[in-house]
Amino acid sequence: MGDQANPFESLQEQVDDAGAYLDTAPGVLDRLKNPERVLETNLTFELDDGSLETVRAYRSQFNGDRGPYKGGIRYHPGVTRDEVKALSGWMAYKCAVVDVPYGGGKGGIAIDPADYSETELERLTRAFATELRPLIGEDRDIPAPDVNTGQREMNWIKDTYETLENTTAPGVITGKALDSGGSEGRVEATGRSVALAARETFDWLDRDIAGATVAVQGYGNAGSVAAALIDDLGGDVVAVSDSSGGIHDSDGFDPRAVKAHKAETGAVGGYGDAESITNEALLTLDVDLLVPAALENAINGDLAADVRADVIAEAANGPLTPDADEVLVEKDTYVVPDILANAGGVTVSYFEWVQNRQRFYWTEERVNEELERVITEAFEGMVDAYEARDTPNLRTAAYVVAIDRIVDAYGQAGNWP
Ligand code: GLU
């Protein structure tokens, strides 16, 4: 797997690359390369045997020029201060490129949740929510799920916040279960936008996604839903992987059956008669579409040289290093950047928040229609910038669109004397 590129340095490089196509004042561009503030905290919670444990946690509020900070909370041993800072920046640009009225934020706890029981995770999550309480709020900072967190953790955070604040405020967090104020379509939204972005890219390239061969690295919520929906569009999913390895079958899989197999056995490996394949072999397969849906730095410059896919749609945040981007431009590989391809998650989070504020809930059909409109319009905006400004790749075009919007909001607010 990839090198150890520092994700925060990658983010800063991506902003600088786009800055070269804009005449943003250097002081303002600097503002757009650094978070407004970062909370670093140590959470002490009780284990089931009565002992206490202390773990490190973060929340980065990157930019609030366009609205409340917005972004998920991940539980992963690889969480660091720099990773959370990078992820919060990617959220700010993601919200701007799809024109959702939010800034960017991200949080994380440096643990492997598999090491803890459900009751331990509940105590830890409530400890984090208590620590976050002064920073978050329906109009201030709105967390959501990310790697290894989901409805369960969101429901706990909402309940802790509402109990401490003595109010009801479902819009303080998104990605909740339906009965706790969640939205139809939210669970599938990230994978759905990846499939929509892939469809738009193939259309734009005058190619047919029906019959295209597809490899998906990572089979969590984003990867497995993207695989199923790309299959619905006629794509042929021939390889998938998770952290324990991958499977390959040139005749293609039924992605939903692979998901059911993983739910039952804990891994995609061992599905049917498929041959085993390493993650690296999957990433360099000769396919039409590659979907990295795991973690940052999956593809570095060296590996990019061996990538054979024509199109890459980033379901994960930051799966390609800036070195990889450079190599892929040379090879004419089209990369649909994370900040657009996986923006369905935060877009439907926005719809959830709107529904929470109005206490009026939409049908799944309405959610999916509005999501399709947002993603296709954002795709058009990115391609327009790519063609009009002649940027080297779609990522830089997406950043140009996003930076323009954030800088406009910042400029319109005027300078505090
Ligand atoms: N964690 C998701 C992301 O990286 C969703 C964030 C949200 O819904 O606020 O985009």
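Could you give each residue of region 134-149 its phi-based ³J(HN,Hα) in whole Hz, using Karplus coefficients 6.51, -1.76, 1.60 with θ = phi - 60°, and x for Gly or Pro?
These are the phi-based 3J(HN,Hα) values: x, 8, 9, x, 4, 10, 10, 7, 10, x, 6, x, 8, 3, 6, 10 Hz.
Once phi is turned into ³J(HN,Hα) by the Karplus curve 6.51 cos²θ - 1.76 cosθ + 1.60 with θ = phi - 60°, what whole-Hz value does each residue of region 177-186 show in order, with x for glycine and proline?
Coupling constants for region 177-186: 5, 3, 6, 9, x, x, 10, 3, x, 5 Hz.
For Ala177 and Asp384, what is the calculated FRET efficiency with R₀ set at 35 Å and r taken between the beta-carbons, to the nearest 0.05?
According to the calculation, E is roughly 0.35.
Take the alpha carbon atoms of region 77-123, find their center, do the same for region 208-249, and report the distance between the two centers in whole angstrom.
Each part's Cα centre sits 25 Å from the other's.
Name the long-range amide H neighbours of Gly67: under 5 Å, sequence gap of 5 or more, or other chain; modelled H, no Pro or chain starts.
Gly103
In region 286-368, which chymotrypsin sites (Phe, Trp or Tyr not before Pro) fall in coil by DSSP and have 11 or fewer other Cβ atoms within 10 Å?
Filter output for region 286-368: Phe360.
Please list 3J(HN,Hα) in residue order for region 32-42, calculated via the Karplus relation 6.51 cos²θ - 1.76 cosθ + 1.60 where θ = phi - 60°; whole Hz, with x for glycine and proline.
Along region 32-42, the couplings run 7, 10, 9, x, 5, 7, 9, 8, 10, 9, 10 Hz.
Ranked highest first by the average count of other Cβ atoms within 10 Å around their residues, in what order do 111-123, 374-386 fall?
Result, highest mean Cβ count within 10 Å first: 374-386, 111-123.
I need the shape label for region 276-417. Rule: rounded when a/c is under 1.5, else prolate if a/b > b/c, else oblate, with a, b, c from the alpha carbon gyration tensor.
Here region 276-417 falls in the oblate category.
Taking the mean number of other Cβ atoms within 10 Å as a proxy for protection, how do you rank 64-72, 229-237, 88-96, 406-414 from highest to lowest?
Averaged packing, sorted descending, gives the order 88-96, 64-72, 229-237, 406-414.
For a Förster distance of 25 Å, can you work out the FRET efficiency between the beta-carbons of Ala281 and Leu233, rounded to the nearest 0.05?
0.50
Would you calculate the separation in nanometres between label points at Lys331 and Glu46, each defined as 7 Å from the Cα along the Cα-to-beta-carbon direction?
With each label placed 7 Å out from Cα toward Cβ, I get 5.4 nm.
Name the residues whose placed amide hydrogens come within less than 5 Å of the amide hydrogen of Gly72, ignoring near sequence neighbours (fewer than 5 apart) on the same chain.
Correct list: Gly107, Ala144.
Rounded, prolate or oblate for region 1-143? Axes are the square roots of the Cα gyration tensor eigenvalues, ordered a ≥ b ≥ c, and the cut-off for rounded is a/c under 1.5.
Since a/c reaches 1.5 and a/b is larger than b/c, the shape of region 1-143 is classed as prolate.
Hey, which of these cross-link pairs are over 26 Å Cα-Cα: Lys262/Lys331; Lys106/Lys158; Lys70/Lys176; Lys94/Lys158; Lys33/Lys158?
Lys262/Lys331; Lys33/Lys158
Every read-out reported here was derived from the displayed coordinates using simple, explicitly stated rules and does not represent laboratory data. Keep in mind the model is a prediction, meaning the values are calculated, not measured. Cβ atoms come from the backbone with ideal geometry, glycine included; neighbour counts cover every protein chain shown.
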